[in-house]
Amino acid sequence: QVQLVESGGGLVQAGGSLRLSCAASGGTDSMNAMGWFRQAPGKEREFVAAINWSGHNTFYADSAKGRFTISRDYAMNTVDLQMNRLKPEDTAVYYCAFGDVWYNPTPYDFVYWGQGTQVSVSS
């Protein structure tokens, strides 16, 4: 019933910026958290950032702190991830997810997932 669609991925040079957006449709009122995860080739799925339903609380992975910002856009009904000072290590498919835990979550805390958007950072 719930569908999530990511956009904004692309190819950028190291030090550049990208802004990812996650548009949701369907009934999402029961979800308490929204988050971003990423997965690079040959690696496990990795948590990036999460935000609670009200948008007043956020939680970041150490790799994202100081560089990435997760936010809710109430007007556009999206969950966004602003990524600055990108590094080649950030190269991955980025997934939007809706779930129930925003503080120090795991992938198991999220029920609905988008199909992902590719982020490639060149050196």
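The values are calculated or read from the model by the stated rules, or taken from the named source; none is laboratory data. Since the structure is predicted, the reported quantities are computational estimates derived from the model, not experimental observations. Don't worry about glycine lacking a Cβ; one is built from the backbone with ideal geometry, like all the others, and counts go over all protein chains shown. Areas reflect the complete protein model, heavy atoms only, side chains present, ligands, DNA and RNA absent. Shrake-Rupley method; radii C 1.70, N 1.55, O 1.52, S 1.80 Å.
Laid out as a table, the results:
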| item | result |
| --- | --- |
| Unmet requirement for Ser17, which otherwise passes all of (1) of a type in the set (Gly, Ala, Ser); (2) in contact with a strand residue (DSSP E or B) (Cβ under 7 Å, 6 or more places away or on another chain); (3) open to solvent by 30 Å² or more (accessible area, probe 1.4 Å); (4) under 25 Å from Gln3 (Cβ atoms) | (4) |
| Count of the range 18-30 residues which are more than 14 Å from Thr69 (Cα to Cα), among the polar types (S, T, N, Q) and part of a strand (DSSP E or B) | 1 |
| In the range 99-123, the residues that are open to solvent by 60 Å² or more (accessible area, probe 1.4 Å) and not in a loop (DSSP other than H, G, I, E, B) | Tyr108, Val111, Tyr112, Trp113, Gln118 |
| Residue tally, condition open to solvent by less than 60 Å² (accessible area, probe 1.4 Å) and without any contact (Cβ under 8 Å) to a residue 24 or more places away in the chain, over the range 20-30 | 1 |
